[in-house]
Amino acid sequence: MAEVVIVESEAQAGEIASALIARLVHSKPNAVLGLATGSTPLSTWKALAARNLDLSKVRGFALDEYVGLPPGHPESYRAVIDREVVIPLHLTPEFIRVPADSGPLEFAGEEYENAIVDAGGIDLQILGIGVTGHIGFNEPGSSLASLTRVKTLTDQTRRDNARFFNSIDEVPTHCITQGLGTILRAKHLVLLAFGSAKAETLAKAVEGPVTASLPASVIQLHPNVTVITDEAAAARLQFADYYRAAWNSRLEWEKAD
Ligand code: PGA
């Protein structure tokens, strides 16, 4: 079962997630992070920046990228990762990869998988969860064993992301994303969820059946998952009392800070 941490605020969640990253980087300065975009991880990047760690040796692989935006578009995930993660955290730009950032799109998935393997695999993967149950851009129906590949976005996800564009017509129809199988290979998954809009999806992901119809449910197949959620997103969790008790009684060596 995933470790589920229920917190009062996004800021508190960011503290906990950043403590996990800090512990990793302390023991492995060139750790490999899986980087997520979206609003969800922002409190984590903020809390991590405040720790003033030397992250210059850290390597990173973004979860996903739009297909079809002009190079340098401010909403491309390359640009978002540079703006929200690389610059504030003083990461080394050459060490940070985004899918399809080199070579033809046709081979980009395989190339990205090979790059992750060559880096020794992802040590800690930060994940948000979409209202559709996607992680990365693995929309419902994604194979639980899928690797990095080009996908079509659902209308729901395009509507959710339209807030970053002038209109929904500007939101790309396609993306390239790490697969669910890629995500399962990471050594530690840290999934963050905030707000009541995520409550039903989060409960299904953590406690419902494992199914390609709810791609985030694949986290139940992973042996090392930390879910960090605010009260609103936790509202539909059946075993919330147990999660709270487990967190409050964790043993000294289980604590990151
Ligand atoms: P959000 O998106 O962080 O903007 O809510 C999460 C996701 O779609 O993965």
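Residues that are modelled with pLDDT under 95 number at least 3 in the following helices (runs of 4 or more DSSP H) confined to the stretch 135-242: 155-161.
Condition (residue is within 25 Å of residue 219 (Cα to Cα) and either in contact with a Ser or Thr (Cβ under 6 Å, 6 or more places away or on another chain) or more than 16 Å from the ligand (Cβ to nearest atom) (or both)) applied to the stretch 78-94: is it met by at least one residue? There is no residue in the stretch 78-94 that is within 25 Å of residue 219 (Cα to Cα) and either in contact with a Ser or Thr (Cβ under 6 Å, 6 or more places away or on another chain) or more than 16 Å from the ligand (Cβ to nearest atom) (or both). Among the residues that make up the stretch 113-122, is at least one of them assigned to a loop (DSSP other than H, G, I, E, B) and within 16 Å of the ligand (Cβ to nearest atom)? Within the stretch 113-122, none of the residues are assigned to a loop (DSSP other than H, G, I, E, B) and within 16 Å of the ligand (Cβ to nearest atom). Annotation: residue 131 fulfils all but one of (1) surrounded by fewer than 22 Cβ atoms within 10 Å (Cβ to Cβ); (2) more than 11 Å from the ligand (Cβ to nearest atom); (3) of a type in the set (A, V, I, L, M); (4) not in a strand (DSSP E or B); the unmet one is (2).
Scanning the stretch 155-174 for residues that are more than 11 Å from the ligand (Cβ to nearest atom) and crowded, with 16+ Cβ neighbours inside 10 Å returns 158, 165, 171, 172. Can you spot a residue in the stretch 48-59 that is touching a Phe, Trp or Tyr at 6+ places or on another chain (Cβ under 6 Å), within 16 Å of the ligand (Cβ to nearest atom) and charged (D, E, K, R)? No; the residues of the stretch 48-59 include none that is touching a Phe, Trp or Tyr at 6+ places or on another chain (Cβ under 6 Å), within 16 Å of the ligand (Cβ to nearest atom) and charged (D, E, K, R). Take residue 230 and decide whether it is more than 23 Å from residue 66 (Cα to Cα), within 13 Å of the ligand (Cβ to nearest atom) and of a type in the set (D, E, K, R). Spelling it out, residue 230 is indeed more than 23 Å from residue 66 (Cα to Cα), within 13 Å of the ligand (Cβ to nearest atom) and of a type in the set (D, E, K, R). Please go through the stretch 175-197 and give me each residue that is over 18 Å from residue 62 (Cβ atoms) and either more than 10 Å from the ligand (Cβ to nearest atom) or out of contact with any strand residue (DSSP E or B) (no Cβ under 8 Å at 6 or more places or on another chain) (or both), ordered by number. 196, 197, listed by residue number. Taking the stretch 60-77 as the range and being of a type outside the set (A, V, I, L, M, F, W, C), under 19 Å from residue 112 (Cα atoms), within 14 Å of the ligand (Cβ to nearest atom) and in contact with a helix residue (DSSP H, G or I) (Cβ under 7 Å, 6 or more places away or on another chain) as the test, the residues that pass are 64, 65, 66. If only one of 199, 186 is at negative phi, free of Cβ contacts under 8 Å to residues at least 40 places away in the same chain and of a type in the set (Gly, Ala, Ser), which one is it? After applying the criteria, what remains is 199. Kindly indicate whether any position in the stretch 23-31 is of a type outside the set (Phe, Trp, Tyr), closer than 20 Å to residue 248 by Cα and more than 16 Å from the ligand (Cβ to nearest atom). Scanning the stretch 23-31 turns up at least one residue that is of a type outside the set (Phe, Trp, Tyr), closer than 20 Å to residue 248 by Cα and more than 16 Å from the ligand (Cβ to nearest atom).
The values are calculated or read from the model by the stated rules, or taken from the named source; none is laboratory data. These numbers were taken from a predicted model, which means no experiment stands behind them. With ideal geometry, Cβ positions are generated from the backbone for all residues, glycine too; neighbour counts draw on all protein chains shown.
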